[in-house]
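In what follows, a single structure is set out as structure tokens and then discussed.
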Amino acid sequence: MPVQERDTTVGSLNAIIAVPSDPPRAGLVLVDGSGPATRHAWAGIPAWLAARGMATLRHDKPGCGGSPGDWRDQSFADRAVEALAALAVLRAETGVERAGLIGYSQGGWISLIAATSAPQAVDFVITVSGPAVGIAEQERVSTERALRRAGHPPAVVDEAMRWVDERAARLAVGDPPAQVLAAQQRHAGRVWYDAVAAEPYDTVQSLTFFARALSFDPAARIPHLRCPILALYGAADELVPVERSVAVLAERLPGLHRGRNAVAVLPGADHLLHVAESEHAPAFLPMLGAFLDLVALS
């Protein structure tokens, strides 16, 4: 089914709507992960979704792709409001009744916030490598794994992680990010410093963004989810505590959509659900398609 794309806007943000040539069955807003991102991301996913009869909308983050603003000044709640606004635009411009969110990585958190904040507006949620733990735990896991992969001995890893924990604790209780950054810079020269203090922990603005996110707890939101969810993870993901995330979802998901909720870990897949460069895990698209077939019309 050919895909047709057209420009639109979500508030002041540039966006692209992609639709199949036939009337779409349902719609999806594509919610980006962390860092800068433009409406030109997501590679061939919009075309693949259009072939399955799905309309999609993807938009710039503030300050990216020619759109105004700065995504680093946002909170997770701000991003969730954007996702809900994008859903409203998608429905208005394509005529779809059922529509949901697909969030990659940090976008999974945003999708969960949006779906639990406005359950009447979100008919289904898909998360791709979206942690079911908060940002402090997720970042701690990814940092420790990176240090160990780099070959640092246990004593060095332990020393580095003590600062990681102190940094998160100080930001959580409201210490000014400028003071935390100054304290961090006093560790410059440590063998672990570059791995722990580099972007996105190297400026007041980035530490402020991190501090705003610390209060979000996915486990507290999951029981309030009122729509079906598909949560996909890669077994070889070094950035997300996959086993812990699966356990949280298994424990906390409500029983409203038994038989439609799905949580899967794809063998050999990384954070992008790739098993080789630019090659998705074989089960990814079939599982995504099966879930959409299940929820698009029900």
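Per-structure values
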| item | result |
| --- | --- |
| Whichever residue in region 1-15 is out of contact with any Asp or Glu (no Cβ under 8 Å at 6 or more places or on another chain) and not in a loop (DSSP other than H, G, I, E, B) and, among such residues, is most open to solvent (accessible area, probe 1.4 Å) | Asp7 |
| The lone exception for Glu97 - which of (1) farther than 21 Å from Pro218 by Cβ; (2) open to solvent by less than 50 Å² (accessible area, probe 1.4 Å); (3) of a type in the set (Asp, Glu) it fails | (2) |
| Some residue of region 252-265 being part of a helix (DSSP H, G or I), free of Cβ contacts under 8 Å to residues at least 12 places away in the same chain and under 21 Å from Asp123 (Cβ atoms) | yes |
| Close pairs from region 137-155: first within 22 Å of Gln106 (Cβ to Cβ) and of a type in the set (A, V, I, L, M), partner assigned to a helix (DSSP H, G or I) and open to solvent by less than 70 Å² (accessible area, probe 1.4 Å), Cβ under 8 Å, at least 6 apart | Ala146/Ala195; Leu147/Val156; Leu147/Val157; Leu147/Ala160; Leu147/Met161; Leu147/Ala195; Leu147/Val196 |
| Where Phe76 falls short, out of the listed (1) more than 17 Å from Ile126 (Cβ to Cβ); (2) in contact with a Leu (Cβ under 8 Å, 6 or more places away or on another chain) | (2) |
| From Leu256, Leu294, residue being modelled with pLDDT under 95, touching a Pro at 6+ places or on another chain (Cβ under 8 Å) and open to solvent by 60 Å² or more (accessible area, probe 1.4 Å) | Leu294 |
| Within region 112-226, helices (runs of 4 or more DSSP H) holding 3 or more residues that are more than 26 Å from Gln74 (Cβ to Cβ) and open to solvent by less than 10 Å² (accessible area, probe 1.4 Å) | 154-172 |
| Subset of region 24-40 [open to solvent by 10 Å² or more (accessible area, probe 1.4 Å) and of a type outside the set (A, V, I, L, M, F, W, C)] | Pro24, Arg25, Asp32, Ser34, Gly35, Pro36, Thr38, Arg39, His40 |
| Candidates Val248, Val240, Val275, Val263 - the one that is out of contact with any Gly (no Cβ under 7 Å at 6 or more places or on another chain) and within 27 Å of Ala150 (Cα to Cα) | Val240 |
| Any hit, region 218-226, residues being without any contact (Cβ under 8 Å) to a residue 60 or more places away in the chain and in contact with a Pro (Cβ under 9 Å, 6 or more places away or on another chain) | yes |
| Members of region 238-253 found to be of a type in the set (A, V, I, L, M) and open to solvent by 30 Å² or more (accessible area, probe 1.4 Å), listed by number | Leu239, Val246, Ala247, Ala250, Leu253 |
| Leading residue by the ranking (nearest to Ala235 (Cα to Cα)) among those in region 273-291 that are aliphatic (A, V, I, L, M) and surrounded by fewer than 20 Cβ atoms within 10 Å (Cβ to Cβ) | Val275 |
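Quick grid of which residues meet (1) more than 16 Å from the chain's Cα centre (by Cα); (2) in a loop (DSSP other than H, G, I, E, B); (3) closer than 20 Å to Ile113 by Cβ:
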{"position": "Ile17", "(1), (2), (3)": "yes, no, no"}
{"position": "Pro23", "(1), (2), (3)": "yes, yes, no"}
{"position": "Gly33", "(1), (2), (3)": "no, yes, yes"}
{"position": "Leu49", "(1), (2), (3)": "yes, no, no"}
{"position": "Ala55", "(1), (2), (3)": "yes, no, no"}
{"position": "Arg58", "(1), (2), (3)": "no, no, yes"}
{"position": "Gly65", "(1), (2), (3)": "yes, yes, no"}
{"position": "Pro68", "(1), (2), (3)": "yes, yes, no"}
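The values are calculated or read from the model by the stated rules, or taken from the named source; none is laboratory data. Predicted, not measured: the structure shown is a model, and the values here were computed from it. Glycine also receives a Cβ, built like all others from the backbone with ideal geometry; neighbour counts cover every protein chain displayed. When the accessible area is computed, the model is the full protein with side chains, heavy atoms only, and any ligands, DNA or RNA have been set aside. Shrake-Rupley method; radii C 1.70, N 1.55, O 1.52, S 1.80 Å.
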